[in-house]
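A.B. asks: To start, I am sharing the structure in question, which I have written as structure tokens.
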Protein chains: 2
Amino acid sequence: MQSSKQLFTLITSAGQLEMSLRDIDLPAPKAHEVIVRIEAAPINPSDMWPMFGPADLEKASYDKDKKQLIAPLHQGMLSRVKSRIDQTLPIGNEGAGTVVAAGEHPAAQAMLGKTVAVLSGATYAQYCCVPMQACIVHHEGITAKQAASSFVNPLTALGMVETMHMEGHTALVHTAAASALGQMLNKICVAQGVHVVNIVRNQQQADILKNIGAKYVCDSSDPEFKKHLLQAIDETGATLAFDAIGGGDLISDILTAMEKVGSKDAKGFNTYGSAANKQVYIYGGLDFSPTILNRAYGMTWGIGGWLLMRFLGKLQPERVVELHKLVANEILTTFATTFTDELNFEQAMTPTVVAQYNAKKTGEKYYINPSKN
Amino acid sequence: MQSSKQLFTLITSAGQLEMSLRDIDLPAPKAHEVIVRIEAAPINPSDMWPMFGPADLEKASYDKDKKQLIAPLHQGMLSRVKSRIDQTLPIGNEGAGTVVAAGEHPAAQAMLGKTVAVLSGATYAQYCCVPMQACIVHHEGITAKQAASSFVNPLTALGMVETMHMEGHTALVHTAAASALGQMLNKICVAQGVHVVNIVRNQQQADILKNIGAKYVCDSSDPEFKKHLLQAIDETGATLAFDAIGGGDLISDILTAMEKVGSKDAKGFNTYGSAANKQVYIYGGLDFSPTILNRAYGMTWGIGGWLLMRFLGKLQPERVVELHKLVANEILTTFATTFTDELNFEQAMTPTVVAQYNAKKTGEKYYINPSKN
């Protein structure tokens, strides 16, 4: 039995976070499973809450002998993580590497030696045992670093466009639109001839998007923002939005603009607003403050959470395979990801480094390479 | 050609509301149409906005010679009713009476002389010409007054239960639950063995519901309200709510309770909350203030508008016919409506009377009888 070093997180009932490197025994792969030697595992914004929960990371310290980062939780927050108390849990949503062992299924065997990306929830490890369906097999010559971000951002961007088609919309609005994800979304939509109304927070972000061919970019710091938004929604006919922010009144502003466009030619009472289905999905929470809805958009609107894994679960398995292939084919173009720095396990637990990657700055991205010295 | 007296509403570009009684020529019914002599047309909360828009009714006056009520709009509100400016529009969503003429279609002919309820948008009239499909044919012996409220409340209550079944929920929450509609909903659900969590605002309303057999009634004025709500949602497993209020944080409180119940046995991270679909539909707006969402309920939730007419449009026509029959069969029990007073056209335009029915007090309901002296 082979051994694997792996990062784990634990929040104790005493209110302490403990992140640590441990040795585990690697199981033999079952028929449909493969063992992947992880060579690059991104640290995504969606990894932060599992990794650290509500820990006060300014008080974090690293114990080199124990290979353990500890930090107290913020006051009164233990109840927010009730379900995980005193459980040692794996971390790392995605990553990529080489298939070094495979179960007896021919399709699993065929993956031996290949570079694959995996979605597993336990990728901050030397090795990762996953069902072969949880892999994207990459083309020859693609490195693990190039393949590392094959799932979270690419499938979210594809999933948004997929949702748009499935729910009968023809264009979409995206907030925090200059993110790596937002750029992928624009590239996908430019290729498909679908219009995206991009909402950004400053001119620099607007420029990033314009440089990759985005036609509609609205800067919310511009005093004329609402006018520009209305105009862009009018020209594109967007009735669907994906929002990464959550808090404040931006969602309400988007729905208000959609309603104005939908009702611009209305005659008579129009008591209940336009009949077009106006929908906003919240997929992130950059702003934790409450969402404020003024409800000035008639009766045909919806707001809700959107979660990649639950969305993929609704698709036909064949469609998921098609999307995986799309990602593999365009991993150096549409879905290319740029990394700021490579970290080893110990660096990932060093408080000054944690402060860097936990800042979630647009354009900064780190990954763990378990074999880095 | 026969003539019919009918109430109309007009908002002028000068910012004045004019409600008036006019004579119109009645068309001959087409093959699939019937002409109904209206004998009772309820004044529902949903009739108020079409009738009066944002008029300042404290400044209303009635001109007996012109048979016209006039009132200025509230300052700055003209843009809110842009789509209807300078158009003379009919009013009255529903009503009941006798079929006095019918098109040549045998099914239309068969309705001659019967008491029917209609949904038309022009029921504040002596006569109303409607497609036969827009009628509920009532049993012999049922009066127009008894049949007057066959659509808005009964079909909304039935539509809520229908939505619950269609979207895979097994119990539901209802706010402003002691209303006539809320009482119908409880009667339907008691009969079907479906649990309703009723949210009311005082003990008197709670008593009304308990008297008709409601098991779960939560009084939001009780300091223990949130605890009671959580308990009721836990016992019933409700994951769907219909809200008549709109503003404030009640919707968020309902979703928070649903999430607590859904995640009570969760182990591990539970980063995205329970996988159960938690949905709130807003069908009314008793509180115009903004809806405040704290989003402390994971990622699998939705909020949206719910509109009877658009919901019915999604049903199979056969199902709509079944629901109509249900209303006819139970119009004296489940769907019985009590009226406070009967008004003629002129009374309905008298400012002191308008003030009474526009107060929308729970338990007070008026109807127009065009032939009343």
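Since every read-out is calculated from the coordinates, none of them should be taken as a lab result. Remember, predicted model here, so these are calculated numbers, not experimental data. Counting neighbours? That spans all protein chains shown, and the Cβs are built from the backbone with ideal geometry, glycine included.
A.B. asks: Within 10 Å of each residue's Cβ, count the other Cβ atoms and sort A:Ser149, B:Ser274, B:Ser289, A:Ser46 from fewest upward.
C.D. replies: So the residues, fewest neighbours to most, are B:Ser289, A:Ser46, B:Ser274, A:Ser149.
A.B. asks: Sticking with this one: What residue among B:Arg84, B:Arg310, B:Arg37 has the largest mean-square fluctuation in a Gaussian network model of chain B, using Cα springs under 10 Å?
C.D. replies: Comparing B:Arg84, B:Arg310, B:Arg37 in the GNM, the peak value goes to B:Arg310.
A.B. asks: Quantify how strongly other chains surround peptide A:291-304 by giving the mean number of their Cβ atoms within 10 Å of each of its Cβ atoms.
C.D. replies: 6
A.B. asks: For A:Trp49 and A:Asn329, what is the calculated FRET efficiency with R₀ set at 25 Å and r taken between the beta-carbons, to the nearest 0.05?
C.D. replies: 0.20
A.B. asks: So what J values fall out for segment B:278-294 if you push phi through Karplus, 6.51 cos²θ - 1.76 cosθ + 1.60 with θ = phi - 60°, rounded to Hz, Gly and Pro as x?
C.D. replies: Along segment B:278-294, the couplings run 9, 10, 10, 9, 9, 10, x, x, 4, 10, 6, 5, x, 7, 10, 10, 8 Hz.
A.B. asks: Further, regarding this structure: Within a 10 angstrom radius of each residue's Cβ in A:308-320, how many Cβ atoms of other chains show up on average? Whole number is fine.
C.D. replies: For this peptide, the per-residue mean of nearby foreign Cβ atoms is 1.
A.B. asks: Straight distance only, please: which lysines reach the Cα of A:Lys5 with their own Cα at less than 18 Å, same-chain residues fewer than 8 apart left out?
C.D. replies: Straight-distance partners of A:Lys5: A:Lys64, A:Lys66, A:Lys67, A:Lys372.
A.B. asks: If you don't mind, there's one more thing I want to ask. Within straight cross-link reach of A:Lys365, meaning Cα distance under 20 Å, which lysines are found once same-chain residues fewer than 8 apart are removed?
C.D. replies: Candidates past the 8-residue exclusion: A:Lys145, A:Lys187.
A.B. asks: For peptide B:267-275, compute the average count of partner chain beta-carbon atoms within 10 Å of each residue's beta-carbon.
C.D. replies: 6
A.B. asks: A further question follows. Roughly what % of DSSP beta bridges within the protein assembly as shown run antiparallel, to the nearest 5?
C.D. replies: Antiparallel bridges: around 65 percent, rounded to the nearest 5.
A.B. asks: Assume the label is 7 Å from Cα along Cα to beta carbon: what separations in nm does B:Lys145 have to the matching positions in the other copies?
C.D. replies: Spelled out, the distances from B:Lys145's label point are 8.6 nm.
A.B. asks: Let me ask something additional. When only Cα pairs under 8 Å and 6 or more residues apart are kept, what is the percent relative contact order across chain A?
C.D. replies: After rounding, I find 17 percent.
A.B. asks: Can you run phi through the Karplus equation (6.51, -1.76, 1.60; θ = phi - 60°) for segment B:216-230 and list ³J(HN,Hα) in whole Hz, with x for Gly and Pro?
C.D. replies: These are the phi-based 3J(HN,Hα) values: 10, 10, 10, 9, 5, 8, 7, x, 8, 3, 4, 5, 5, 4, 4 Hz.
A.B. asks: Also: Given axes a ≥ b ≥ c from the Cα gyration tensor, I'd like to know whether segment A:134-205 is rounded (a/c under 1.5), prolate (a/b larger than b/c) or oblate.
C.D. replies: Oblate is the answer for segment A:134-205, as a/c is 1.5 or above yet b/c matches or exceeds a/b.
A.B. asks: Moving to a separate point now. For the pair A:Ile24/B:Phe288, report the inter-label distance in nm, with labels modelled 7 Å from Cα in the Cβ direction.
C.D. replies: 5.8 nm
A.B. asks: Still on this structure, I have one more. Where Lys and Arg each count +1 and Asp and Glu each count -1, what net charge lies around A:Thr337 among other residues with Cβ under 14 Å from its Cβ?
C.D. replies: Working: positive: A:Lys145, A:Lys187, A:Lys365; negative: A:Glu94, A:Glu330, A:Asp341, A:Glu342, A:Glu364.
Summing Lys and Arg as +1 and Asp and Glu as -1 gives -2.
A.B. asks: Still on this model: Between B:Ser61 and A:Asp234, what's the calculated FRET efficiency when r is the beta-carbon distance and R0 is 35 Å? Round to 0.05.
C.D. replies: 0.30
A.B. asks: Excluding the sites themselves, what is the longest stretch of chain A that contains no GluC sites (Glu not before Pro) in a DSSP loop with at most 12 other C-beta atoms within 10 Å? Numbers along the way, then the final one.
C.D. replies: Numbers: sites that count: A:Glu104, A:Glu140, A:Glu224.
With a cap of 12 other Cβ atoms within 10 Å, the longest stretch comes to A:225-373.
A.B. asks: Taking one equal scatterer on every alpha-carbon of the protein assembly as shown, how large is log10 of I(q)/I(0) by Debye at q = 0.06, 0.08 1/Å?
C.D. replies: Here log10 of I(q) over I(0) equals -0.46, -0.76.
A.B. asks: I would also like to ask the following. How large is the Kirkwood hydrodynamic radius of segment A:1-132, counting all unique pairs of alpha carbons, in Å?
C.D. replies: 15.8 Å
A.B. asks: From the Cα gyration tensor of segment B:80-172, with a ≥ b ≥ c the square roots of its eigenvalues, which class applies: rounded if a/c is under 1.5, or else prolate if a/b is larger than b/c, or else oblate?
C.D. replies: It is oblate, given that a/c is not under 1.5 and a/b is not larger than b/c.
A.B. asks: Turning to a different aspect of this structure: Return the loop-located trypsin sites (Lys or Arg not before Pro) in segment B:174-257 (DSSP other than H, G, I, E, B) with at most 16 other Cβ atoms within 10 Å of their own Cβ; answer none if there are none.
C.D. replies: Here the trypsin sites (Lys or Arg not before Pro) that fit, given the DSSP loop and packing criteria, are B:Lys215.
A.B. asks: Let me ask you something else. So what's the angle, to the nearest 10 degrees on a 0 to 90 scale, between helix A:152-166 and the longest Cα principal axis of chain A?
C.D. replies: 40 degrees
A.B. asks: If you put a point 7 Å past Cα along the Cβ direction, how far is that point for A:Glu167 from the same point in each other copy, in nm, smallest first?
C.D. replies: Copy-to-copy label distances for A:Glu167: 1.3 nm.
A.B. asks: Report the full-extension gain for the segment B:Leu315 to B:Lys372: residue separation times 0.36 nm, less the Cα-Cα distance, to one decimal in nm. Before the final figure, lay out each step's value.
C.D. replies: On the way: separation 57, 0.36 × 57 = 20.52 nm, distance 3.75 nm.
Extra length available between B:Leu315 and B:Lys372 comes to 16.8 nm.
A.B. asks: Using a 10 angstrom cutoff on alpha carbons, build the Gaussian network for chain B and name the most mobile of B:Met160, B:Met77, B:Met132.
C.D. replies: Comparing B:Met160, B:Met77, B:Met132 in the GNM, the peak value goes to B:Met77.
A.B. asks: So what are the ³J(HN,Hα) numbers for segment A:89-102, from phi and the Karplus equation (6.51, -1.76, 1.60; θ = phi - 60°), rounded to whole Hz, Gly and Pro as x?
C.D. replies: Result, rounded to whole Hz: 10, x, 9, x, 6, 9, x, 8, x, 10, 6, 10, 7, 8.
A.B. asks: How many nanometers, to one decimal and shortest first, lie between the label point of B:Tyr272 and those of its other copies, if labels sit 7 Å from Cα toward Cβ?
C.D. replies: So the label point of B:Tyr272 gives 3.2 nm to the other copies.
A.B. asks: Which net charge results for the neighbourhood of A:Glu259, defined as the other residues with beta-carbon distances under 14 angstrom from its beta-carbon, given Lys and Arg at +1 and Asp and Glu at -1?
C.D. replies: +4
A.B. asks: Going by C-beta contacts inside 10 Å, put A:Asp25, A:Asp47, B:Asp65, B:Asp207 in order with the fewest on the left. Could you put the intermediate results ahead of the total?
C.D. replies: Numbers: A:Asp25 8, A:Asp47 24, B:Asp65 5, B:Asp207 12.
So the residues, fewest neighbours to most, are B:Asp65, A:Asp25, B:Asp207, A:Asp47.
A.B. asks: Given axes a ≥ b ≥ c from the Cα gyration tensor, I'd like to know whether segment A:153-310 is rounded (a/c under 1.5), prolate (a/b larger than b/c) or oblate.
C.D. replies: Judged from the Cα gyration tensor, segment A:153-310 comes out rounded (a/c under 1.5).
A.B. asks: Given a Förster distance of 25 angstrom, what is the FRET efficiency for B:Gln16 paired with B:Lys145, based on the Cβ-Cβ distance and rounded to 0.05? Working shown, then result.
C.D. replies: Values: r = 34 Å, r/R0 = 1.35.
Step by step, r from the Cβ atoms, then E = 0.15.
A.B. asks: Treat the count of other C-beta atoms within 10 Å as a stand-in for reagent exposure and order A:His105, A:His195 from fewest to most.
C.D. replies: A:His105, A:His195
A.B. asks: For B:Ala191 and B:Ile212 in one chain, what is 0.36 nm times their gap in residues minus the Cα-Cα distance, to one decimal in nm?
C.D. replies: Stretched fully, the B:Ala191-B:Ile212 segment lengthens by 6.4 nm.
A.B. asks: Another question, if that's okay. What angle do you read, to the nearest 10 degrees and between 0 and 90, between the alpha-carbon axis of helix A:180-192 and the longest principal axis of chain A?
C.D. replies: Roughly 60 degrees, rounded to the nearest 10.
A.B. asks: Right, next: Stretch A:Ser3-A:His165 to full length: gain in nm at 0.36 nm per residue minus the Cα-Cα span? All intermediate terms of the calculation are to be shown ahead of the outcome.
C.D. replies: Working: separation 162, 0.36 × 162 = 58.32 nm, distance 4.56 nm.
The A:Ser3-A:His165 span can extend by a further 53.8 nm.
A.B. asks: Separate question: Treat each spin label as a single point 7 Å out from the Cα along the C-beta direction, and report the B:Gln133 to B:Thr352 distance in nm.
C.D. replies: Spacing of the two 7 Å Cα→Cβ label points: 4.7 nm.
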